[in-house]
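Single-structure report; data block below.
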Amino acid sequence: MTDTRTAGNVARQLNELMPGSAVSLQMSVDSYLDVMRGVLDMYAGKRDMDTIYVTATISFEAIKRVMAALDIDTSRVYFVDCISHIMMGTEAAQKDERASLVESPTMLENIMLKVEYLMRRSQSKEKLVVIDSINSLAIHNNNWILSEFLHILVSGLRAKDAYTIILSVEEHSTPEIASMVNLVCDSGIRAAKEE
Amino acid sequence: MPPRTGERERCVTGIDGLDTILYGGIPRDNTVLLTGSCGTGKTSLALEFLIHGAVAGENSLFISVTENSEKLLANIIPYKFFDRDLIKSGKLVFIDLPAMYERLGMTKAEMTMEEIDLLVAAIGNLAKELGIRRLVMDSITSVCYKLKTPEKIRDFILKLSKTLSDLNCTSVLVSEIAAQSSAYSTFGVEEAISDGIVLMANLERRGDLLRTLQVIKMRGTMHSRAKYVLDLTPMGVLLVPLLKGGSSAT
């Protein structure tokens, strides 16, 4: 179901990062599942780190289903779900200890607060924060506030030696979004299917 | 954060974001007005201030005016750092002011100047007897309704502040204001007498309602005057800066 070479490449490049690094992970729509496997299974899973997964694209429930189908262990993944509330589908998140709801992707401060809360709660030595995705957040927020959000969030995580991965989807990206992400990231990874 | 040379000793609130805003905490013995409309998190923040104090070994007193202590405790956020043994050991004490009024025979709707002195003395004696270093009164507004006149309110707050300050007690007076109020207190007197004002509010931005906190004044220390967004969590009050980019909200 996933291309393990692509996933392996993503994990290999992530393994070279220094603590506190922020990385821009560009992908095409059809390599999303490979990226999931590379980040959550082959990278975070192997290093026993807690992952805080900020989802603004699809609900945490849908992501969990995808991961279950891929046989990826999600027991150390904590979700900040910014989408279920606006879809009026909060029941599952309210019952799941590992899911925190943000009412809307426009409440960027509340995303930072939920990430901070989960960071404090985590007992893991190494921590990873994944933003999925900058394109989805850009649908709901203007570039100024989004840029400010990324700057404050990433700076705070860097100070705590946490790793940050900002996902962006090539097909939906713009030069402004790319520039905003590049400004706060130390490096970039492009996940493309191996020919 | 250790106090800078020449600065006053701090009462570390234990609320990380607030201590950062205040450059290390509330200057010891200050009387702070914690003000805001309903649902902004005043009581939770005040309680957390006391719990952190009690955990750090400082005897702490919560004087409840409007809500019964039992009910208050039943609705407390399940803080990870809160242990009910703090209450059993006497480190954290809850007193209902209506019960104190009754004991002191203050049954009338309006207090006299003599009764104000009696009440301040009773609170002071209690704080002294229990060795209280942190005190919260929730809310001062409810007490002010029994005082009626600005002169009596001024007299009460000044005397209470002095009594507590002399006992090396840092106090937080919770004040209730209307949602759209531009003043920091209902009677306009409380804000002028307090050493510090912490304003909690609801900020509406494009249909989203954010809880905010802003330190308006704090005698004896430098402090940030920026607005912060807060969340009430089992790990305590968390704060992040209010984002400004592209926002048309005030």
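The values are calculated or read from the model by the stated rules, or taken from the named source; none is laboratory data. Computed from a predicted model, the values in this text were never measured in an experiment. Don't worry about glycine lacking a Cβ; one is built from the backbone with ideal geometry, like all the others, and counts go over all protein chains shown. Surface areas here come from the heavy atoms of the whole protein model, side chains and all, with no ligands, DNA or RNA. Shrake-Rupley method; radii C 1.70, N 1.55, O 1.52, S 1.80 Å.
Under a point-charge model restricted to the Cβ atoms of Lys and Arg (+1) and Asp and Glu (-1), what is the dipole moment magnitude of the protein assembly as shown relative to its Cα centre, in debye to the nearest 20?
In total the dipole reaches around 880 debye.
Size of the range B:43-161 along its principal axes in angstrom, Cα-based, largest extent first?
Cα spread of the range B:43-161 along its principal axes, largest to smallest: 43, 27, 23 Å.
When the convex hull of the Cα atoms of the range B:22-91 is projected onto a plane and the area is averaged over all directions, what value comes out in nm²?
The directionally averaged projection comes out at 5.6 nm².
Out of residues 5 or more away from B:Arg10 or on other chains, whose amide H comes under 5 Å of its own, with H placed 1.01 Å from N in the peptide plane?
Placed amide hydrogens put B:Arg28 under 5 Å from B:Arg10.
If a paramagnetic tag sat 7 Å from the Cα of B:Leu126 along the Cα-Cβ line, which residues of the range B:63-87 would have the backbone N under 17 Å from that point?
B:63-73, B:87, by backbone N distance to the label point.
Given a cut-off of under 8 Å on Cα pairs at least six residues apart, what relative contact order in percent is computed for chain A?
34
Over the range B:78-136, give the accessible area per residue in Å² for a 1.4 Å probe, as an integer.
Roughly 56 Å² per residue, with all protein chains present.
Sorting B:Met222, A:Met49, B:Met235 by accessible area (1.4 Å probe), largest first, what list results?
The most accessible residue leads, giving B:Met222, B:Met235, A:Met49.
Ignoring ligands, DNA and RNA, how do B:Met100, B:Met113 rank by accessible area with a 1.4 Å probe, largest first?
Descending accessible area places them as B:Met113, B:Met100.
Mind giving me the nanometre distance, one decimal, between the label points for B:Ala192 and A:Met87, set 7 Å out from Cα along Cα→Cβ?
Going from the B:Ala192 label point to the A:Met87 one covers 5.6 nm.
Counting only other chains, and only Cβ atoms inside 10 Å, what mean value do you get across the residues of B:230-243?
That works out to 5 on average.
Lys/Arg Cβ at +1, Asp/Glu Cβ at -1, dipole of chain A taken about the Cα centre: which of A:Val80, A:Ile152, A:Met18 is farthest positive-ward?
Of A:Val80, A:Ile152, A:Met18, it is A:Met18.
Quick one: 3J(HN,Hα) in Hz for the range A:107-115, Karplus 6.51/-1.76/1.60 with θ = phi - 60°, rounded, Gly and Pro as x.
Karplus values, whole Hz, x for Gly and Pro: 8, 5, 4, 5, 5, 4, 5, 5, 4.
Please express the shape of chain B as an equivalent ellipsoid: the semi-axes are the square roots of 5 times the eigenvalues of the C-alpha gyration tensor, given largest first in whole angstrom.
Output for chain B: semi-axes of 27, 21, 18 Å.
What do you get for the angle between helix B:42-55 and the principal long axis of chain B? Use alpha-carbon atoms, 0 to 90 degrees, nearest ten.
Its long axis makes an angle of about 80 degrees.
Eigenvalues of the Cα gyration tensor times 5, then square-rooted: what semi-axes does that give for the range B:94-214, in whole angstrom, largest first?
After scaling each eigenvalue by five and taking roots: 28, 17, 13 Å.
Under 27 Å between alpha carbons, and skipping anything fewer than 8 positions from B:Lys80 in its own chain: which lysines qualify?
Leaving aside lysines fewer than 8 places away in the same chain, those within reach of B:Lys80 are A:Lys95, A:Lys114, A:Lys125, A:Lys127, A:Lys160, B:Lys42, B:Lys71, B:Lys88, B:Lys91, B:Lys227.
So if we plug the beta-carbon distance of A:Lys160 and B:Asp166 into 1/(1 + (r/R0)^6) with R0 = 51 Å, what FRET efficiency do we get, rounded to 0.05?
Computed FRET efficiency for A:Lys160 and B:Asp166 comes out at 0.75.
Taking R0 as 35 Å, what FRET efficiency do you get between B:Ser37 and A:Ala62 from their Cβ-Cβ distance, rounded to the nearest 0.05?
With R0 = 35 Å, the Cβ-Cβ based efficiency is 0.40.
Taking Cα atoms of the range B:97-137, Rg/Rh with Kirkwood Rh, to two decimals?
So for the range B:97-137, dividing Rg by the Kirkwood Rh gives 1.00.
Roughly how crowded by other chains is peptide B:214-221, in terms of the mean Cβ count from those chains within 10 Å of each of its Cβ atoms?
Across the residues of B:214-221, the mean count of other-chain Cβ atoms within 10 Å is 0.
Report the equivalent ellipsoid semi-axes for the range A:21-112 in whole Å, largest first, defined as the square roots of five times the eigenvalues of the gyration tensor built from alpha carbon atoms.
21, 15, 14
With all protein chains present and a 1.4 Å probe, how do A:Lys114, B:Lys108 order by accessible area, largest first?
B:Lys108, A:Lys114
Could you give the nm distance between label points at B:Met222 and B:Lys88, where each point is 7 Å from its Cα heading toward the beta carbon?
Here the modelled spin labels are 4.6 nm apart.
Antiparallel DSSP bridges in the range B:10-199: what percent, to the nearest 5?
The answer is about 5 percent antiparallel.
What fraction of the DSSP beta bridges in the protein assembly as shown is antiparallel, stated in percent and rounded to the nearest 5?
Counting DSSP beta bridges with both partners in the protein assembly as shown, the antiparallel share is about 25 percent.
Could you tell me the center-to-center distance, by alpha carbons, between the range A:1-59 and the range B:52-125 in angstrom?
The two parts, judged by their Cα centres, are 52 Å apart.
For Cα pairs less than 8 Å apart in space and 6+ apart in sequence, what is the mean separation divided by the residue count of chain B, i.e. the relative contact order in percent?
28
Based on the Cβ-Cβ distance from A:Asp186 to A:Gln123, what FRET efficiency comes out when R0 is 30 Å, to the nearest 0.05?
Once the sixth-power term is evaluated, E becomes 0.70.
Could you tell me the accessible area of B:Phe156 in Å² (1.4 Å probe, neighbours in place), rounded to the nearest ten?
Roughly 0 Å² of B:Phe156 is accessible to a 1.4 Å probe.
Direction-averaged shadow area of the convex hull around the Cα atoms of the protein assembly as shown, nm²?
Taking a quarter of the hull surface, the average projection is 23.2 nm².
Just read off the accessible area of A:His140 with the full protein assembly in place, 1.4 Å probe, to the nearest 10 Å².
Accessible area of A:His140: about 60 Å².
Could you name the lysines in cross-link range of B:Lys108, using Cα to Cα under 18 Å and dropping any fewer than eight places away on the same chain?
The qualifying lysines are B:Lys146, B:Lys148, B:Lys152.
With N residues in chain A, what two-decimal value do you get for its Cα radius of gyration over 2.2 N^0.38 Å?
Cα Rg divided by the expected 2.2 N^0.38 Å: 0.93.
Aspartates and glutamates near A:Lys46 by alpha-carbon distance under 13 Å, same-chain residues fewer than 8 away left out - which ones?
Straight-distance partners of A:Lys46: A:Asp73, A:Glu126.
How much accessible area is lost when chains B and A come together, counting both sides, with a 1.4 Å probe, in Å² rounded to the nearest 100?
The contact between A and B buries close to 1800 Å².
At a probe radius of 1.4 Å, what is the per-residue accessible area of B:Glu114, in Å² to the nearest 10?
130
Give me the residues in the range A:100-114 whose solvent-accessible area, probe 1.4 Å, is reduced by at least 10 Å² once all protein chains are included instead of the chain isolated.
Hits at the 10 Å² cut-off: A:Thr106, A:Met107, A:Glu109, A:Asn110, A:Met112, A:Leu113, A:Lys114.
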